[in-house]
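Remarks on the structure that follows.
What follows is calculated from the coordinates using simple rules that are stated; it is not laboratory data. It should be emphasised that the depicted structure is a prediction, and the values quoted were computed from it without experimental measurement. Neighbour counts are summed over all protein chains in view; Cβ atoms, including those assigned to glycine, are modelled from backbone coordinates with ideal geometry.
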Amino acid sequence: MILAAGLGTRLRPLTDDRPKALVEINGRTLLEITLSRLRSFGVREVIINVHHFADLIVEYLKTNDNFGMRIEVSREEALLDTGGGLKKAAHFFVGDSVKDSVHSEEPFIVHNVDVLSTIDLRRMVQFHIENQALATLAVQDRKTSRYLLFDDRLQLCGRRSGDDQPEFVGGRQQAHALAFSGIHVISPRLLTMMNEDGAFSIVTPYIRLAAQGEKILAFRANEYYWRDLGSPENVAQAAQDLRQKVIAQ
């Protein structure tokens, strides 16, 4: 799933007349770059959530013959955030009835449209499978405004915003504060465990389920290039990185 429904407020004025998914870097849209990356790892079926200038994305996909992939669009009349958006798109992964369907245990990838990285998705999926995780989150040791906390076993154990006091699950403990990179690998059974409704962050059920002992694991991705494309300055820097071959296009 590609998360592309956001308003792209931080990207203005680039998003004044288009969704953030159609902002371009060196002549390629963020959506095309993300689809190309997923396709390079063998992904052939994708669902994209849309809201802001949704019709432009639908037309763009039609014009480009879905880039040779099976692509479905999940329209959000009101923004549902990362968790609510995934829950609305659950049918794509488990059938029409989330609770009653007999579904595959094959994990799927969730990827923000506004991140650019060289994270090895195949290796990440393998890590997820080998550890029988419910969800695996790509994280890095870098500065951010919101941290996720993981214990020595790479298990999610809390979160912290800025300089606020950390919120732990299961009591205070030693923890590594790491920055989430907007890329997850998820087992379909998570979708049957999301009892939150409306608009909510995916981190909310992650924290709740971690407190119940479910495996929400960190995939350490320090060795890979990663850039948030949420501002015009970062888009310009990514374009320069691509031109200078810091990251292959």
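Find me the longest stretch of the chain that has none of the exposed trypsin sites (Lys or Arg not before Pro), where exposed means in a DSSP loop (not H, G, I, E or B) with at most 16 other Cβ atoms within 10 Å.
With a cap of 16 other Cβ atoms within 10 Å, the longest stretch comes to 173-244.
Using just the helices of the chain, give the 222 nm mean residue ellipticity in deg cm²/dmol: DSSP H runs with n ≥ 4 each add -39,500 (n - 2.57), and the total is spread over all residues, rounded to 500.
-7500 deg cm²/dmol
For a Förster distance of 22 Å, can you work out the FRET efficiency between the beta-carbons of N222 and D152, rounded to the nearest 0.05?
Rounded to the nearest 0.05, the efficiency is 0.85.
Using a/c under 1.5 as the rounded threshold, could you call the range 99-161 rounded, prolate or oblate? The axes a ≥ b ≥ c are square roots of the C-alpha gyration tensor eigenvalues, and prolate needs a/b larger than b/c, oblate otherwise.
prolate
Note down the nm distance, to one decimal, between modelled labels 7 Å out along Cα→Cβ at V73 and at S145.
My value for the distance between the label points is 3.0 nm.
Can you tell me the FRET efficiency between D197 and N26 if r is taken as the Cβ-Cβ distance and R0 is 41 Å, rounded to the nearest 0.05?
0.50
Just to verify a number: FRET efficiency for E233 and S36, C-beta to C-beta distance, R0 = 30 Å, to 0.05?
Taking R0 as 30 Å, the efficiency between E233 and S36 is 0.80.
Using θ = phi - 60° and the Karplus curve 6.51 cos²θ - 1.76 cosθ + 1.60, what whole-Hz ³J(HN,Hα) does each residue of the range 131-145 get, with Gly and Pro shown as x?
Whole-Hz 3J(HN,Hα) from phi for the range 131-145: 9, 6, 7, 7, 8, 10, 10, 6, 9, 9, 8, 8, 6, 7, 7.
(i) 59, 35, 35; (ii) 66, 40, 36; (iii) 50, 43, 32: which one is Cα extents along the principal axes in Å as calculated from this entry?
The value matching this structure is (iii).
Give me a comma-separated list of calculated 3J(HN,Hα) values for the range 213-227, in order, Karplus coefficients 6.51, -1.76, 1.60 applied at θ = phi - 60°, integers in Hz, x for any Gly or Pro.
With coefficients 6.51, -1.76 and 1.60, one gets x, 6, 7, 10, 10, 9, 9, 6, 10, 4, 6, 9, 5, 8, 9 Hz.
Looking at the square roots a ≥ b ≥ c of the eigenvalues of the Cα gyration tensor of the range 133-172, which shape do they give, rounded for a/c under 1.5, prolate if a/b is larger than b/c, or oblate?
oblate
Indicate the gyration tensor shape class of the range 186-236 (rounded, prolate or oblate), computed on the Cα atoms with a ≥ b ≥ c the square roots of the eigenvalues: a/c under 1.5 is rounded; otherwise a/b larger than b/c is prolate and the rest oblate.
Oblate is the answer for the range 186-236, as a/c is 1.5 or above yet b/c matches or exceeds a/b.
Provide the gained length on full extension for the span R208 to E105, in nm with one decimal, where the gain is 0.36 nm per separating residue minus the Cα-Cα distance.
34.9 nm is the gain from fully extending R208 to E105.
For the chain, what number of Lys pairs, 8 or more residues apart or on separate chains, have alpha-carbon atoms under 29 Å from each other?
14
Select from T192, N234, I247 the residue farthest towards the positive end of the dipole of the range 170-249; place +1 on Cβ of Lys and Arg, -1 on Cβ of Asp and Glu, and compute about the Cα centre.
Highest projection toward the positive end goes to I247.
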